[in-house]
Amino acid sequence: MKTIIITGSTSGIGLGIAENFASAGYNVVLNGLGKPDEIEATRARVADLGAGEVIFHGANMLKPDEITDLVKTTRDKFGSVDVIIPNAGIQHVEKIEDFPLEKWDAIIAINLSSAFHLIRAAMPIMKQQEFGRIIAIASAHGLVASPFKSSYVAAKHGIVGLMKTVALEGAEFGVTANAICPGYVETPLVSGQIADTAKARGMSEEDVISDVILKAQPTKQFVTVEQIASLALFLASDQAAQITGAALPMDGGWTAQ
Ligand code: NAD
């Protein structure tokens, strides 16, 4: 039975990925912020989806030691670390000249550096197993920019570069590393962003959805959590062994423009 760690899986895309891998029979290590009783309810619900075991580890992605412990705990409990999904992320939307320093630092730490710490701890285990799948949830903002998202765009471009480097280092050890680059997905992260973007651009929230968000995606539709989770499950499979170092857009055509 294979084991997956998904950072930031108490909500949104990470939770959808956890559900899909649990349904496919993986042991799942959930992680993220939230109220303990709600997290336990989520854990129990995800555990009911498949034959694997589901545990929660509360590592804060701002704390490298806790990220290392997340990997160690997983290895000690399940004996392997087969798939890791650096997914945890936050957003802040503001002009660069007004961008709060602590927001810059937190976004770089959670959206980029936490992936480095996770991979750094898992890579020796994956090399030893001669199998590993590293699937970062980057963003269309790993490939193109938007105004007022300096830290997020820098972090996501960084993730794409990190995956290329790790792909080269893992290539002869059965370890692949790829970035999924979603367009807009309706999750709590985007709901907050709609309000912030409205403020930064002086627009109504309705106009942000139609003129900013869906304008970026030629299909005029949100990407769904289930679609991203399906691609992640494919990238974890043996059939995806030769896909490595790739940044795969799932963005309704956004980055084709
Ligand atoms: P979300 O807010 O629903 O989920 C974010 C998760 O990260 C939550 O589980 C949260 O608890 C966790 N998290 C935040 N700070 C943390 C910390 N310090 N330590 C541990 N966990 C922490 O957001 P989402 O939309 O599901 O985003 C998931 C990933 O997908 C992010 O990396 C985001 O940048 C990326 N993404 C989202 C979209 C979108 O439109 N929603 C598009 C492209 C990429």
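For region 120-137, which positions are part of a helix (DSSP H, G or I) and in contact with a Gly (Cβ under 9 Å, 6 or more places away or on another chain)? Before you say what the answer is, go through the steps one by one.
As a first pass, look at region 120-137 and keep what is part of a helix (DSSP H, G or I): 120-129.
Scanning region 120-137 gives Ala122, Met123, Ile125, Met126, Lys127, Gln129.
With respect to Ile17, determine if the residue is crowded, with 22+ Cβ neighbours inside 10 Å, at negative phi and within 13 Å of the ligand (Cβ to nearest atom). Give the steps one after another, and end with the answer.
Numbers: crowded, with 22+ Cβ neighbours inside 10 Å: yes; at negative phi: yes; within 13 Å of the ligand (Cβ to nearest atom): yes.
Yes, satisfied.
Tell me yes or no: at least one residue of region 131-150 is surrounded by fewer than 20 Cβ atoms within 10 Å (Cβ to Cβ), among the hydroxyl-bearing types (Ser, Thr, Tyr) and under 22 Å from Thr7 (Cα atoms).
no
(1) farther than 20 Å from Thr224 by Cα; (2) touching a residue at least 40 places away in the same chain (Cβ under 8 Å); (3) more than 14 Å from the ligand (Cβ to nearest atom): which one isn't true of Asn31, the others all being true?
If we test Asn31 against (1) farther than 20 Å from Thr224 by Cα; (2) touching a residue at least 40 places away in the same chain (Cβ under 8 Å); (3) more than 14 Å from the ligand (Cβ to nearest atom), just (3) comes out false.
Pairs only if they're at least six apart or on different chains, beta carbon under 7 angstrom, first in region 132-158 and assigned by TED's automatic domain parsing to the domain that holds Gly174, second of a type in the set (Lys, Arg) and surrounded by fewer than 23 Cβ atoms within 10 Å (Cβ to Cβ); list them, first residue then second.
Matching pairs, first to second residue: Phe148/Lys95; Ser151/Lys103.
Yes or no, residue by residue, for (1) small (Gly, Ala, Ser); (2) loosely packed, with under 14 Cβ neighbours inside 10 Å; (3) over 27 Å from Gln128 (Cβ atoms); (4) away from the ligand (no atom under 12 Å from the Cβ):
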site: Met163; (1), (2), (3), (4): no, no, no, yes
site: Ala167; (1), (2), (3), (4): yes, no, no, yes
site: Gln193; (1), (2), (3), (4): no, no, yes, no
site: Asp196; (1), (2), (3), (4): no, no, yes, yes
site: Ala200; (1), (2), (3), (4): yes, no, yes, yes
site: Glu206; (1), (2), (3), (4): no, yes, yes, yes
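From the list Arg43, Arg120, which residue is within 15 Å of the ligand (Cβ to nearest atom) and surrounded by fewer than 24 Cβ atoms within 10 Å (Cβ to Cβ)?
On the way: Arg120 fails: within 15 Å of the ligand (Cβ to nearest atom).
Selected residue: Arg43, the only one of Arg43, Arg120 that is within 15 Å of the ligand (Cβ to nearest atom) and surrounded by fewer than 24 Cβ atoms within 10 Å (Cβ to Cβ).
Going by the conditions given, is Thr187 farther than 23 Å from Ile84 by Cβ, polar (S, T, N, Q) and out of contact with any Phe, Trp or Tyr (no Cβ under 6 Å at 6 or more places or on another chain)? Break it down stepwise before answering.
On the way: farther than 23 Å from Ile84 by Cβ: no; polar (S, T, N, Q): yes; out of contact with any Phe, Trp or Tyr (no Cβ under 6 Å at 6 or more places or on another chain): yes.
So Thr187 does not fit the description; no.
If I filter region 25-35 for residues that are under 27 Å from Ala195 (Cβ atoms) and of a type in the set (D, E, K, R), do I get at least one hit?
Applying the first criterion (under 27 Å from Ala195 (Cβ atoms)) to region 25-35 yields 31-35.
Still in the list and also of a type in the set (D, E, K, R): 35.
Checked against the condition, which is being under 27 Å from Ala195 (Cβ atoms) and of a type in the set (D, E, K, R), region 25-35 yields at least one hit.
The values are calculated or read from the model by the stated rules, or taken from the named source; none is laboratory data. Small disclaimer: the values here were computed from a predicted structure and weren't measured. Neighbour counts run over all protein chains shown; Cβ positions are idealised from the backbone, glycine included.
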